[in-house]
Each structure stands twice: as C-alpha cells, then as structure tokens.
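Asks: Following this message is one structure expressed as structure tokens.
Every number here is computed from the coordinates shown, using simple stated rules; none is lab data. Bear in mind that the values here come from a model prediction, so they are computed numbers and not experimental data. Cβ atoms come from the backbone with ideal geometry, glycine included; neighbour counts cover every protein chain shown.
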Amino acid sequence: MGIICHNRNIGSFLFRRTDPPFFLLAPVSFLMPRYRITVEYDGTPFVGWQSQDNGPSVQGRLEDAIKNFSSEGARVKGAGRTDAGVHALGQVAHFDLKKSWDPLRIREAMNFHLRPDPIAVLNCGEVPAEFDARFSATARHYLYKILNRRAPTALDIKRVWRVQVPLDFEAMNDAAQVLVGHHDFTTFRASACQANSPMRTLAKLDVFRHGEEIHIEASARSFLHNQIRSLAGTLKMVGEGKWTKAEVKRALECRDRKACAAVAPPYGLYLIKVEYPEENRLQPVSDRNSDRD
C-alpha cells in the first residue's frame, strides 16, 4: 500500500514504504573517495600506459597493485596515454576506492606491490570527486632527449636517441619556433590518431644543448598521437642540415602525413609534468612514520 503525498508546489508523488531514503540514492562515485597519484616509470618493458592484451602495461600494473593491498578492482585513469617505450617522470592518474585510506599508506602499499617493475608512485592525495587526471589538466610538459655523439651509451640504453652526426641545436631551435602556436598538425600526427581534430596549440617548443645531449622541450594543453616524436624527427633533420626552417614550415602547411620526416623512436621521450588549476594542486604526502609502515 502506497502513501499519497499531495503538495500543490511539487504535484503528487507515490512513495513505497520499501523505498530507501533519498540521500542513499546518490551515485556511488559521490560516496567513494577519489585519489590522485604522481607516477614515475621506465617505459621499456611495457606495451604503453594503456592496458592491452599483448603485454604488461603501466595502467595494468598500477591496478594490480591497488587490488593487492585493497582487494578492490579500481580503474586507474591517466593524464597521458604514453606509447610503448615512452617514459614518465610526472605522470598523473586518479582512481576511486570504496574505503577511505591514508594517502601515505596507499603510496607505500602500491610501491611495495609494484616491485620489481620500474614503476614508482611518488605522491598520493585525496582529491574532489570532480577531479579528472586527463580532463582537468591545463598543461602537459614533455622532454625528448637526443644523445649526440659517436660512442654508444652504456648507462642510458633505451632512454635516449643516439644520433652520431653532429647536430646544430641552434638551427633546430630556430626552426621549432614556426611550429609554436595554434595550427593544424595533420602532418605531425599518426595516421591512426583518434583525435577528433588535428588543431592544437603548441605553447612551447625549445631546443637546448646539455653537454652531449640535445633536449627538446614541448608544452601544450594536449598533444596528438605521435606529435612530439614527429616533431623531434623533423627537427633532427634540420640539425643535420638536411631540412631548412622554410621546409619545416612548408611541411606544417602541407597538412599531409607524408610530408613529415621519419618519426623519432619512443625511448627518448619523457612525460615530465602535468599541470592543473590551483584548486587541484596536490601537496606532497608527509613521510611521517614511513619507517614503521
């Protein structure tokens, strides 16, 4: 038997005695704490960030670590879906848990269960439910490292792109500036890129020399698939004297993937940092009592 509620302001509604109170009908995600983590990893042994059927992924290993300490099957969502072999010093991700945990304990527990994989959770904190590691980001910063010498590397195998021919980094930096700004980057994105639009605003593209290394630093709100590696491969051609600044500009204006130079390998690329609005800044977790945990 129902109870009829008559109210001239809201009309007539029928409630059953078995209906739960309205405050229990809130979405589950509203009741679940959300956590944000900053992650560092060597991308060499992984098929990329995203979980795939053909091998281990960074996302998959993080989810395994969470399940091992919490017994929950949380889904980890990252700010950037790095390709196989690409590294990160400051990847950001978020996930929801049913139970509330001390962020320090989450960090320590995840790092324990991630061993011996080359993944480290650097920081962890609870964030508002509306925070999204991917869509809340206001800027992403990448670094591409070229080792410019004849001798091979013993310590940075699969962490730099070795180019034996001397490169003119000043010419590379000069040519890079024609790519800065809001452009159609069709030439510099993968043919299989799933982005709805090739339009992107490249806020920064600078080239520096640090001893035997040449660093290409790129910043934007978002990037297209293979965009930075495509730009790095093109700028390398400029450094070798095979392309000019004018040819880089023509390739951009051509809006044709075939006009791009050979794409640089993934292992020289690093996701350095992801930025968020001030209200989403994450304070480092304290290492209090870490020796006892």
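Asks: Find, to one decimal place in angstroms, the Kirkwood hydrodynamic radius of region 55-158, where the mean of 1/r is taken over every pair of different Cα atoms and then inverted.
Replies: Final number for the Kirkwood radius of region 55-158 is 15.6 Å.
Asks: Additional query: Using unit Cβ charges (K, R positive; D, E negative) and no other charged atoms, how large, in debye to the nearest 20, is the dipole of region 139-274 about its Cα centre?
Replies: So the magnitude is around 380 debye.
Asks: How many angstrom separate the Cα center of region 236-261 from the Cα center of region 193-219?
Replies: Answer, in whole Å: 15.
Asks: Ok, one more. What is the order of E278, E130, fewest Cβ neighbours within 10 Å to most?
Replies: E278, E130
Asks: Measure out, as a whole number of angstrom, how far apart the alpha-carbon centroids of region 81-110 and region 140-170 sit.
Replies: 29 Å
Asks: Explain nothing, just the number: relative contact order of region 29-135, from Cα pairs under 8 Å at least 6 residues apart, as a whole percent.
Replies: Once normalised by length, the contact order is 42 percent.
Asks: For K67, go through the lysines and keep the ones whose alpha-carbon is under 27 Å away, minus same-chain ones fewer than eight residues off.
Replies: Straight-line reach from K67, under 27 Å: K77, K98, K99, K273.
Asks: Still on this structure, I have one more. Just want the ordering: M237, M199, M110, from fewest to most Cβ atoms lying within 10 Å of their own Cβ.
Replies: M199, M237, M110
Asks: Now for a different question. Taking a cut-off of 28 Å between Cα atoms, list the lysines near K242, but don't count ones fewer than 8 places away on the same chain.
Replies: The reachable lysines, counting only those whose Cα sits under 28 Å from K242, are K145, K158, K204, K258.
Asks: If neighbour count is taken as other Cβ atoms inside 10 Å, put T244, T186 in order from fewest to most.
Replies: T244, T186
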